[in-house]
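Colleague: Structure in structure tokens, see below.
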Amino acid sequence: MSVELITLGTAAGPAIRGPENGISSALVVGDAFYMVDFGLGCSRAAHEAGLRGKDFVAGFVTHLHSDHVVELPGFLLWNWGKPVEGFTGPVSIVGPGKDATRTGGAGLSGTGELVSHSLKAFSYDIDIRVHDEARPELASLVRTVDLVTPAHGSAAAERPFDVYEDDRVKVTGILVEHPPVRPALAFRFETDAGSVVFSGDTAECDALAVLATGADVLVHEAVNLGFYADKGFAPEFLNHQRIAHTPPEGAGRIAAAAGVGRLVLSHLAGRAEPQWWRSRAASTFDGPVDVAVSGQRFPVGKPVLAPA
């Protein structure tokens, strides 16, 4: 069974500062695929990559910043039902629950409410398509999971926890540091052919090295702090970038500490030439470094033959 990573979009957001799609990745395992984050443009990017909703199994949300979830409703609506080669059976959307650390957080949406409110907002369209196009009831097919995560600062927060499992993949997660967002998650996908870790948005974080230990591929975010400083961004914005994101040298340090086979830089915040990103990551990691672009494909491990 072959496994392939596709970086559908590699740009940080929510601003549009270049040609790349918003952050989103697909992991294709045999004839099925899984999504990690749903940034701007992911629906078209998935289609252009040859992915069809009928083969979609589950989506995973690293955190609830808009640039990671803005197109989740669109992805579901554009990939549901036979008229669009979409899913007609259950699919899962897995992500963080409510932020218990934030004042008023109980009244703000976690992943489950993000999806349910979106489907309610599009209820007129959905109802028409169910009755006029013989599509199945969308809400009955989308199974959402608000992950129960360890408390920040606890010993358990430094250890991976189970997220999802089926006959193709096992997914584990760990909390990462992306203040003030909590919980913010990284995910590791284990397959028979190899393993891929997605950092999500994070400051340089020892927990991520724990999750990524021995992985074949680490997809890690990176920020060019100088880009924002040179543009005269406010001190508050610059401070957020500094404490909540990772420079490419930091991504390299995490890759080296984890002993991963390949580092793929994505969710690139700020702009620079590919060699700028690559050389800085390579200064701290001596393995292969890729500066991903939208639609790029990475084979994972060695294909495993399906049983006869």
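The values are calculated or read from the model by the stated rules, or taken from the named source; none is laboratory data. Every value quoted in this text rests on a predicted model; they were computed, and no experiment measured them. Counting neighbours? That spans all protein chains shown, and the Cβs are built from the backbone with ideal geometry, glycine included. These accessible areas exclude ligands, DNA and RNA; they are computed on the full protein's heavy atoms, side chains included. Shrake-Rupley method; radii C 1.70, N 1.55, O 1.52, S 1.80 Å.
Colleague: Along the stretch 58-66, what does the Karplus equation 6.51 cos²θ - 1.76 cosθ + 1.60 (θ = phi - 60°) give for ³J(HN,Hα), rounded to whole Hz, x for Gly and Pro?
Modeller: Computed from phi, the couplings for the stretch 58-66 are 7, x, 10, 10, 6, 6, 9, 4, 4 Hz.
Colleague: Work out the FRET efficiency for His240 and Trp276 from their Cβ-Cβ distance, taking R0 = 22 Å, and round it to the nearest 0.05. Show your work: numbers first, answer last.
Modeller: Working: r = 21 Å, r/R0 = 0.97.
Efficiency for this residue pair is about 0.55.
Colleague: Which aspartates and glutamates have a Cα less than 18 Å from the Cα of Lys170, not counting those fewer than 8 places away in the same chain?
Modeller: Answer for Lys170, where 18 Å is the Cα cut-off: Glu4, Asp31, Asp37, Asp55, Asp146, Asp162, Glu190, Asp192, Asp216, listed by chain and number.
Colleague: Rounded to the nearest 20 Debye, what is the dipole magnitude of the chain about its Cα centre when Lys and Arg each give +1 and Asp and Glu each give -1 at the C-beta?
Modeller: Values: 25 positive and 36 negative charges, 51 e Å.
Dipole of the chain, to the nearest 20 debye: 240 debye.
Colleague: Just the ratio, please: alpha-carbon radius of gyration of the stretch 1-147 over 2.2 N^0.38 Å, N its number of residues. Write down the numbers at each step before the final one.
Modeller: Working: Rg = 15.2 Å, N = 147, 2.2 N^0.38 = 14.7 Å.
For the stretch 1-147, the normalised Cα radius of gyration is 1.04.
Colleague: Continuing with the same structure: What does the accessible area per residue of the chain come to in Å², with a 1.4 Å probe and no ligands, DNA or RNA counted? Please report the intermediate quantities before stating the final value.
Modeller: Values: 13740 Å² over 308 residues.
Ligands and nucleic acids excluded, the figure is 45 Å² per residue.
Colleague: Once you list every other residue whose beta carbon is under 14 Å from the beta carbon of Asp201, what net charge do they have if Lys and Arg are +1 and Asp and Glu are -1? Each step should come with its number before you reach the end.
Modeller: Values: positive: Arg182, Arg242; negative: Asp37, Asp67, Glu177, Glu204, Glu221.
Computed value for this residue: -3.
Colleague: Magnitude of the Cβ-charge dipole of the stretch 174-292, K/R +1 and D/E -1, about the Cα centre, nearest 20 debye? Mind showing how you got there, number by number?
Modeller: On the way: 9 positive and 14 negative charges, 44 e Å.
Dipole of the stretch 174-292, to the nearest 20 debye: 220 debye.
Colleague: Continuing with this model, one more query. List, in order, the whole-Hz ³J(HN,Hα) value for each residue of the stretch 98-109 obtained from phi through the Karplus relation with A = 6.51, B = -1.76, C = 1.60 and θ = phi - 60°; use x for Gly and Pro.
Modeller: Along the stretch 98-109, the couplings run 5, 8, 6, 8, 9, 4, x, x, 5, x, 9, 6 Hz.
Colleague: Tally up the carbon and sulfur contribution to the accessible surface of the chain as a whole percent, 1.4 Å probe, everything protein left in place. Intermediate values should be presented prior to the final figure.
Modeller: Values: 7380 of 13740 Å².
Of the solvent-accessible surface of the chain, carbon and sulfur hold 54 percent.
Colleague: Over the chain, one equal point on each Cα, no solvent: what is log10 I(q)/I(0) by the Debye formula at q = 0.08, 0.13, 0.16 Å⁻¹?
Modeller: Log10 I(q)/I(0), no solvent term: -0.33, -0.90, -1.37.
Colleague: Semi-axes of the equivalent ellipsoid of the stretch 100-174: what are they in whole Å, largest first, if each equals the square root of 5 times a C-alpha gyration tensor eigenvalue? Before the final figure, lay out the partial values.
Modeller: Details: eigenvalues 217, 76, 5 Å².
Values for the stretch 100-174, descending: 33, 19, 5 Å.
Colleague: Here is a follow-up. How large, in Å, is the stretch 149-308 by the Kirkwood hydrodynamic radius built from its alpha-carbon pairs?
Modeller: Numbers: mean 1/r = 0.0613 Å⁻¹.
One decimal place: 16.3 Å for the Kirkwood radius.
Colleague: Which angle between 0 and 90 degrees, to the nearest 10, do you get for helix 235-244 versus the longest principal axis of the chain when only C-alpha atoms count?
Modeller: 80
Colleague: Given springs between every Cα pair under 10 Å in a Gaussian network model of the chain, which of Gly110, Gly232, Gly270 has the largest fluctuation?
Modeller: Of the options given, Gly232 has the highest mean-square fluctuation.
Colleague: Can you tally the net charge around Ser109? Count Lys and Arg as +1, Asp and Glu as -1, for every other residue whose Cβ sits under 11 Å from the Cβ of Ser109. Don't skip to the end; give the middle numbers.
Modeller: Numbers: positive: Lys98; negative: Asp99, Glu113, Asp146.
Around Ser109, the charge tally is -2.
Colleague: How long are the semi-axes of the equivalent ellipsoid of the stretch 83-132, defined as square roots of 5 times the Cα gyration tensor eigenvalues? Whole Å, largest first. Could you put the intermediate results ahead of the total?
Modeller: Details: eigenvalues 171, 40, 6 Å².
Whole-Å semi-axes of the equivalent ellipsoid: 29, 14, 5.
Colleague: Between Ala100 and Phe233, what is the spin-label point distance in nm, taking each point 7 Å from the Cα along the Cα→C-beta axis?
Modeller: 3.2
Colleague: With +1 on each Lys and Arg Cβ and -1 on each Asp and Glu Cβ, and nothing else charged, work out how big the dipole of the stretch 81-205 is about its Cα centre, in Debye to the nearest 20. Before the final figure, lay out the partial values.
Modeller: Working: 12 positive and 19 negative charges, 50 e Å.
Charge dipole of the stretch 81-205: 240 debye, to the nearest 20.
Colleague: For Lys98, list the lysines whose Cα falls under 20 Å from its own Cα; do not include residues on the same chain fewer than 8 positions away.
Modeller: Candidates past the 8-residue exclusion: Lys120.
Colleague: Placing +1 on the Cβ of each Lys and Arg and -1 on the Cβ of each Asp and Glu in the stretch 100-205, which of Ser154, Gly110, His131 has its Cα farthest towards the positive end of the resulting dipole?
Modeller: Of the candidates, Ser154 comes out farthest on the positive side.
Colleague: Using label points projected 7 Å from each Cα along Cα→Cβ, tell me how many nm separate Ala134 and Ala256, to one decimal.
Modeller: 6.1
Colleague: What distance in nm lies between label points placed 7 Å from Cα along the C-beta direction at Asp286 and Arg52?
Modeller: Result for the modelled spin labels: 4.8 nm.
Colleague: Just to confirm my numbers, what's the Cα centroid distance between the stretch 121-156 and the stretch 163-222 in Å?
Modeller: 23
Colleague: I need the Kirkwood Rh of the stretch 132-219: take the reciprocal of the average 1/r across all distinct C-alpha pairs and report it in angstrom. Provide the component values of the computation, followed by the final result.
Modeller: Numbers: mean 1/r = 0.0691 Å⁻¹.
It works out to 14.5 Å.
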